[in-house]
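None of the figures in this text is laboratory data; all of them are computed from the coordinates on show. Note that the structure is a prediction, hence the values are computed from the model and not measured. Here the Cβ positions follow ideal geometry from the backbone for every residue, glycine too, while neighbour counts run over all protein chains shown.
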């Protein structure tokens, strides 16, 4: 059997598994191909699954991926009970480690970013996770177009339905992969806590992906703690790494340091 056929079979097998069935097929195929370049065929499938876990499922925490249908039913009940959109969304943010960590600083987080960039007419949010549910804290103008991309097809549908239920419009949530899809134009591109995950998939890819974005501002962030909550000097490590990475580019940046996250607001020429 040819290698291309083996890759197709393994990709199909992973996509039919209980854990990875909702992932973007192009992403799974890309990662399987990459693992075949690095490992023997018998090891490649295991390594592909390990990598998918590291870049995706690990962020849902100990209890695993949420049951989105049950959450939607709860949200509909909460709406009928008169619970505010912010209170409803704040509960859902706890389901993903990135948004759970960001939740205590949301008001200040976006206020400080938009102080630097100005109010945007368009935002793109790559590898978004549950971050689109923080839109009420962004306080951008009603005509701002917000588009988010993620590799989880079921999550994308869930996000769209939740935002529609709470009355948030002028947004798009779509399937997308930073390695595969052509970048779209926007005033601001969010790539939040994602660069280390890009480097895990392909060394040297982070700068290439940033450089090809079609935007005035890149908003890049890094965690200050591990998923388990441990501080390991991560803010300093990632800050040094990022500044060295972009040293050859004619970009200017401002650094924002929050207890949970270090943010670089990068102005492009």
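Brief remarks follow.
- Inter-label distance, residue 257 to residue 237: 1.7 nm, where each label sits 7 Å from its Cα along the C-beta direction.
- Computed over the chain: relative contact order in percent, which uses C-alpha pairs under 8 Å that are six or more apart: 15
- Potential extension, residue 100-residue 42 segment - 0.36 nm per residue separation minus Cα distance: 17.2 nm
- Which of 234, 210, 1 has the fewest Cβ neighbours within 10 Å, and the rest in rising order: 1, 234, 210
- Given (i) 19.5; (ii) 18.8; (iii) 18.3, the label whose value is Kirkwood radius over Cα pairs in Å derived from this model: (i)
- Relative contact order (percent, whole number), segment 3-55, Cα cutoff 8 Å, 6+ residue spacing: 31
- Distance cut-off 20 Å, percentage of C-alpha pairs in segment 125-269 lying past it: 50
- The distance from the alpha carbon centre of segment 21-86 to that of segment 146-215 is 15 Å, rounded to a whole number.
- Per-peptide average of other Cβ atoms within 10 Å, ordering 93-99, 238-244 highest first: 93-99, 238-244
- MRE, 222 nm, helices only [DSSP H, n ≥ 4, -39500 (n - 2.57), over the chain, to nearest 500]: -14000 deg cm²/dmol
- Once both labels are positioned 7 Å from their Cα atoms along Cα-to-Cβ, the gap between residue 203 and residue 182 label points is 3.2 nm.
- Segment 149-259, relative contact order [Cα under 8 Å, separation at least 6], %: 20
- Here the spin labels are modelled as points 7 Å beyond Cα on the Cα-Cβ line, and at residue 172 and residue 107 they lie 3.3 nm apart.
- Look at 89, 165 and count the other Cβ atoms within 10 Å of each Cβ; fewest to most, that gives 165, 89.
- Residues 166, 262, 32, arranged from fewest to most other Cβ atoms within 10 angstrom of their Cβ, appear as 166, 262, 32.
- Antiparallel DSSP beta bridges within the chain, as percent of all bridges there, nearest 5: 40
- Three-way shape label, segment 91-195, alpha-carbon gyration tensor, a/c 1.5: rounded
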